[in-house]
Amino acid sequence: MRRGAIPPLALALLLPALSLAAPSSEERRVHPRELSGLPSFVKRVEPSIVGLRVRVPEKAASATRLGSRRFGSAVIFDARGYALTVSYLLLDAASLEARSRDGRRWEAKLVGLDLDAGLGVIKLEGAGPWAAAPLGRSTDVVTGARTGTVGVDEDNDLVHVTGAVHAIQPFSAYWEWMLDRALIVAPASPQWGGSAVVNDRGEVVGIASLRLGEAPHVNLAIPIERFTPVKDELIAAGRIVSRPPRPWLGLYTVEVQGVVVVSETSPIGPAAAAGFLKGDRILRVNGVAVASQREFYEQLWSRRAGDLIEVAVQRNGGVQVITVPSVDRHSLFRVRD
């Protein structure tokens, strides 16, 4: 829901009761413009929300799917100017510009990427201290709990939607990405990428990443626990160095009636040169049968980046085993010069 004018009836209910006596000179009169129609939990996080414009070289690998001009939201979590957003906004970024809630524009730099979680950190290049949002605990969130999804649009207008947690469940996506626990929030926000998902106390419990399904849509939010334990490491090193890097193939897949089917290959992944074809049905990974995208990822990630991965596929009625030298996906995207 966009910020808008307060209906006259609602405004009347908010104003103080009329007094028969004249106000004393010491009483402060409240101007109607000072009254806000925002829920208190949205107001608490609003000062920490920034709009983020990202420019990417047109020939960059991610530009084909994500575009060379991107826009989303980020939430400041540290008074030094560090802000959290979704990683896909930041891939191959050549320049970043942040716009604060008072309309000022600031250059920003990419600080860190956690592609396993789907999150990224930027640093605002301006004088602080910055208003930092309180970080909560999504583990305290249950289905049906009230939420707010808070971001900005390209005009820097606040976009906030009051909703609830529709479901808490695992989620897998076609680009070798999976969450063991994702927050599904409804109704969806029209500005979801990087928006803060807050609880009824205004604490950030997730970062909105995707819009799912047919209308009326829902949003998928990445739980804040995927970030809080590693945020200092991400700032210091630019990635999570304490976690073994996952093997990445660059296979895009879809799950159709219990079968994992190759839909495409990434132009920068090793799968593109390994011989996979659109329509290949993945049967086994490293000799273990897989019948879902989740099982495919679990077997793939049981190895380490750099390992050879054997993928058995069904094609034209026969079975072929394709051996792929996996890579560390983080090595393909520059974070720091």
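What follows is calculated from the coordinates using simple rules that are stated; it is not laboratory data. From a predicted model like this one, the values you see are computed outputs, not experimental measurements. In this analysis, Cβ positions are derived from the backbone assuming ideal geometry, glycine residues included, and neighbour counts consider all displayed protein chains.
Here the average projected area of the convex hull drawn through the C-alpha atoms of the chain stands at 20.7 nm². Shown is the FRET efficiency for Gln314 and Arg55, computed with R0 = 45 Å from the Cβ-Cβ distance and rounded to the nearest 0.05: 0.60. So, counting K/R as plus one and D/E as minus one, what does the shell of residues with Cβ under 12 Å around Trp130 add up to? Its environment carries a net charge of +1. Each of His217, His160, His166 was scored by other Cβ atoms within 10 Å of its Cβ. Arranged with the fewest first, they read His217, His166, His160. As a rough footprinting exposure proxy, the listed residues Tyr297, Tyr174, Tyr88 were ranked by other beta carbons within 10 Å of their own, and the order from fewest upward is Tyr174, Tyr297, Tyr88. Extending 7 Å from the Cα toward the beta-carbon at both Ala167 and Asp232 defines two label points whose distance is 3.8 nm. Sequence-ordered 3J(HN,Hα) estimates for the range 148-162 from the Karplus curve with 6.51, -1.76 and 1.60 and θ = phi - 60° stand at x, 10, 10, x, 9, 9, 5, 8, 6, 7, 5, 10, 10, 10, 8 Hz, glycine and proline given as x.
In a simple Cβ point-charge model (Lys, Arg +1; Asp, Glu -1; nothing else charged), the chain has a dipole of about 320 debye relative to its Cα centre. If one puts a single equal scatterer on every Cα of the range 247-329 and applies the Debye formula without solvent, what log₁₀ I(q)/I(0) results at q = 0.15 Å⁻¹? So the normalised log intensities are -0.44. Taking amide H atoms as placed 1.01 Å from N in the peptide plane, the amide H of Leu210 lies under 5 Å from those of Leu220, each 5 or more residues away in sequence or on another chain. The phi-based Karplus calculation (6.51 cos²θ - 1.76 cosθ + 1.60; θ = phi - 60°) puts the 3J(HN,Hα) values of the range 106-118 at 9, 5, 9, 10, 6, 9, x, 10, 10, 6, 5, 8, x Hz, whole numbers, x for Gly and Pro. Considering only Leu113, Ile49, Ser62, and ranking their Cα positions along the charge dipole of the chain that arises from unit charges at the beta-carbon of Lys, Arg, Asp and Glu, the one farthest toward the positive end is Ser62. Multiplying the residue separation of Val288 and Lys43 by 0.36 nm and subtracting their alpha-carbon distance yields 83.1 nm.
A dipole drawn for the chain from +1 and -1 charges on Cβ atoms has a positive end, and of Ile184, Val262, Val165 the residue lying farthest that way is Val262. For the pair His217 and Ser331, a Förster radius of 51 Å applied to the C-beta separation gives a FRET efficiency near 0.90, rounded to the nearest 0.05. Each of Ile268, Ile224 has some number of other Cβ atoms within 10 Å of its Cβ, and from fewest to most they run Ile268, Ile224.
Calculated [222 nm] ellipticity per residue, helices only, for the chain: -2500 deg cm²/dmol; basis is -39500 (n - 2.57) per DSSP H run with n ≥ 4, divided by all residues, nearest 500. Here is the P(r) of the range 187-337: all C-alpha pair distances, binned every 10 Å from 0, give 10, 29, 31, 24, 6, 0 in whole percents.
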